[in-house]
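The values are calculated or read from the model by the stated rules, or taken from the named source; none is laboratory data. Keep in mind it's a predicted model, so treat the numbers as computed, not measured. Using ideal geometry, Cβ is built from the backbone for each residue, glycine included, and neighbour counts are taken over all protein chains shown. The protein model used for the area step is the full one, side chains on, heavy atoms only, and it has no ligands, DNA or RNA in it. Shrake-Rupley method; radii C 1.70, N 1.55, O 1.52, S 1.80 Å.
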Amino acid sequence: MRKTLFLLFAALCGVMTASAQDLIVKRDSTKIEANVLEISTETVRYKKYSYPEGPTYIVPVKDLAYIRYANGDTERYEVSVPATPLMPAAPRQEAAPGVRQYEIGDLYEADGVRGIVCLVSEDGMHGLAISLDEIYLPWSEFRKPDLRVIGTTDRSDGRVNMRIVEEYIAANGLSWDDFPAFKWCREKGEGWYLPSIDELLNIGHNYNGGSRASNNRRAHKFFNDRLKAAGGKRMDRLVNYFSSTEADERNAYTSHMNIEPPYVVEIQKYGKFLVRAVHAF
């Protein structure tokens, strides 16, 4: 009898432990039932409590009010207020005669490169053009038990990641067919590449008018209309786009064009998600 009671108690404890969950509460009062995996100075990685086998989500620490862990402990996050600039930003200077200045949504067409401007420098003369078309492709073809780390960890420049993939292919006797998303971008011609996660995030912000604090329908309609007018396909706001930045042997970082966070999600490399190429100018 005593042994039976002990086994029942142990089983009950196991159920209680399995059902334990963390609660992430954001500054906008959004509550997320989660299993927190990792916390860094900038981000929190978690899986949805209702879908523990699903994708890993990422939320910026700056968006958090507090996390209440399964054991009852609470970790609160202070608001960081940026310093007030001493001077307002300088207005854009006029370019020299014959030099064009670009804005988000302009059609870029030069030296055989054709796309819509999605990132632009302060002087308006440099930036990124995004491809007019998109496609569903896997990041790579490797599955269990052949999952592997490629080393494309650069977050700010997808060109660096493209070179790393090229070197990995040469060193391991592979082909671009093993990396469909990269291959598709590369075959658009010299200089086209799969954007890094930070480039992809900035594209998403600019697509929404520079901020995702509210739904700027005018901004993304303007961008989509420019794509369509150039003979391209509108951006999808509901499906994630692959970046060239690798998370681990199984996952790559993705982002979307919608206003709802999280904006960065880790997704299996062998899944088919949207791909757009970019070209620097």
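Scan segment 140-147 and tell me whether some residue there is polar (S, T, N, Q), surrounded by 17 or more Cβ atoms within 10 Å (Cβ to Cβ), at pLDDT 95 or above and touching a Ser or Thr at 6+ places or on another chain (Cβ under 8 Å).
Quick first cut of segment 140-147, residues polar (S, T, N, Q) only: 140.
Those still in the list that are surrounded by 17 or more Cβ atoms within 10 Å (Cβ to Cβ) too: 140.
From what's left, at pLDDT 95 or above: 140.
If we keep only those that are touching a Ser or Thr at 6+ places or on another chain (Cβ under 8 Å) too, we end up with none.
No, segment 140-147 contains no residue that is polar (S, T, N, Q), surrounded by 17 or more Cβ atoms within 10 Å (Cβ to Cβ), at pLDDT 95 or above and touching a Ser or Thr at 6+ places or on another chain (Cβ under 8 Å).
For segment 112-139, name all the residues that are in a strand (DSSP E or B), open to solvent by 40 Å² or more (accessible area, probe 1.4 Å) and among the aliphatic types (A, V, I, L, M).
Val120, Ile135
Of the conditions (1) at pLDDT below 95; (2) outside any strand (DSSP E or B), Ala181 clears all except one; give me its number.
In the conditions (1) at pLDDT below 95; (2) outside any strand (DSSP E or B), Ala181 misses (1) alone.
Of the residues in segment 24-34, how many are under 18 Å from Glu53 (Cα atoms) and either at pLDDT below 85 or crowded, with 16+ Cβ neighbours inside 10 Å (or both)?
Let us first name the residues in segment 24-34 that are under 18 Å from Glu53 (Cα atoms), namely 32-34.
In the following step, the residues that additionally are either at pLDDT below 85 or crowded, with 16+ Cβ neighbours inside 10 Å (or both) were identified as 32, 34.
Residues that pass the stated criteria total 2.
Can you name the residue in segment 149-166 that is out of contact with any Ser or Thr (no Cβ under 8 Å at 6 or more places or on another chain) and basic (Lys, Arg) and, of all such residues, is farthest from Ser255 (Cα to Cα)? Don't jump to the end; show me each part of the working.
Residues of segment 149-166 that are out of contact with any Ser or Thr (no Cβ under 8 Å at 6 or more places or on another chain), as a first pass: 149, 151, 159, 163, 166.
Imposing the further condition that a residue be basic (Lys, Arg) reduces the set to 159, 163.
Details: Arg159: 18, Arg163: 22 Å.
Looking at residues that are out of contact with any Ser or Thr (no Cβ under 8 Å at 6 or more places or on another chain) and basic (Lys, Arg), I get Arg163.
Hey, among Leu238, Leu201, which residue is under 21 Å from Trp139 (Cα atoms) and under 11 Å from the mean Cα position of the chain (by Cα)?
Values: Leu238 fails: under 11 Å from the mean Cα position of the chain (by Cα).
None of the other options fit; the residue is Leu201.
Considering only segment 177-198, how many residues are touching an Asp or Glu at 6+ places or on another chain (Cβ under 8 Å), free of Cβ contacts under 8 Å to residues at least 40 places away in the same chain and not acidic (Asp, Glu)?
Here is the first cut: in segment 177-198, the ones touching an Asp or Glu at 6+ places or on another chain (Cβ under 8 Å) are 177-180, 183, 196.
Remaining after also requiring free of Cβ contacts under 8 Å to residues at least 40 places away in the same chain: 177-178, 183.
Then drop every residue that is not not acidic (Asp, Glu), which leaves 183.
Adding up the residues that qualify gives 1.
Identify, from the list Phe242, Phe222, the residue that is surrounded by fewer than 21 Cβ atoms within 10 Å (Cβ to Cβ) and not in a loop (DSSP other than H, G, I, E, B). Give the steps one after another, and end with the answer.
Values: Phe242 fails: surrounded by fewer than 21 Cβ atoms within 10 Å (Cβ to Cβ).
Of Phe242, Phe222, the one residue that is surrounded by fewer than 21 Cβ atoms within 10 Å (Cβ to Cβ) and not in a loop (DSSP other than H, G, I, E, B) is Phe222.
Please work out if Ser211 is open to solvent by 50 Å² or more (accessible area, probe 1.4 Å), farther than 20 Å from Asn251 by Cβ and touching a helix residue (DSSP H, G or I) at 6+ places or on another chain (Cβ under 8 Å). Even if it seems obvious, please write down each step before you answer.
On the way: open to solvent by 50 Å² or more (accessible area, probe 1.4 Å): yes; farther than 20 Å from Asn251 by Cβ: yes; touching a helix residue (DSSP H, G or I) at 6+ places or on another chain (Cβ under 8 Å): yes.
Answer is yes for this residue.
Give segment 254-281 a look and list any residue that's within 15 Å of the chain's Cα centre (by Cα), surrounded by fewer than 24 Cβ atoms within 10 Å (Cβ to Cβ) and either farther than 24 Å from Ile150 by Cα or of a type in the set (Phe, Trp, Tyr) (or both), or say none.
Asn258, Ile259, Glu260, Pro261, Pro262, Tyr263, Phe273
For segment 154-175, check the following and say yes or no: at least one residue is in a helix (DSSP H, G or I), in contact with a strand residue (DSSP E or B) (Cβ under 7 Å, 6 or more places away or on another chain), hydrophobic (A, V, I, L, M, F, W, C) and at pLDDT 95 or above. Give the derivation first.
Applying the first criterion (in a helix (DSSP H, G or I)) to segment 154-175 yields 158-172.
Of the ones still in play, those that are also in contact with a strand residue (DSSP E or B) (Cβ under 7 Å, 6 or more places away or on another chain) are 158-159, 161-162.
From what is left, the residues that are hydrophobic (A, V, I, L, M, F, W, C) are 162.
Now restrict to residues that are at pLDDT 95 or above: 162.
Looking through segment 154-175, at least one residue is in a helix (DSSP H, G or I), in contact with a strand residue (DSSP E or B) (Cβ under 7 Å, 6 or more places away or on another chain), hydrophobic (A, V, I, L, M, F, W, C) and at pLDDT 95 or above.
Quick one: Glu109 ticks every box in (1) acidic (Asp, Glu); (2) crowded, with 18+ Cβ neighbours inside 10 Å; (3) assigned to a strand (DSSP E or B) bar one, so which box is it?
Condition not satisfied by Glu109: (2).
Residue by residue through segment 5-23, note down the ones that are at pLDDT 50 or above and either among the hydrophobic types (A, V, I, L, M, F, W, C) or farther than 27 Å from Ile267 by Cα (or both). Before the answer, list the steps.
Of all residues in segment 5-23, those at pLDDT 50 or above come to 19-23.
Listed by number, the residues that qualify are Ala20, Leu23.
Does Arg148 qualify as being at negative phi and in contact (Cβ under 8 Å) with a residue 60 or more places away in the chain? Reasoning before the result, please.
Values: at negative phi: yes; in contact (Cβ under 8 Å) with a residue 60 or more places away in the chain: yes.
Spelling it out, Arg148 is indeed at negative phi and in contact (Cβ under 8 Å) with a residue 60 or more places away in the chain.
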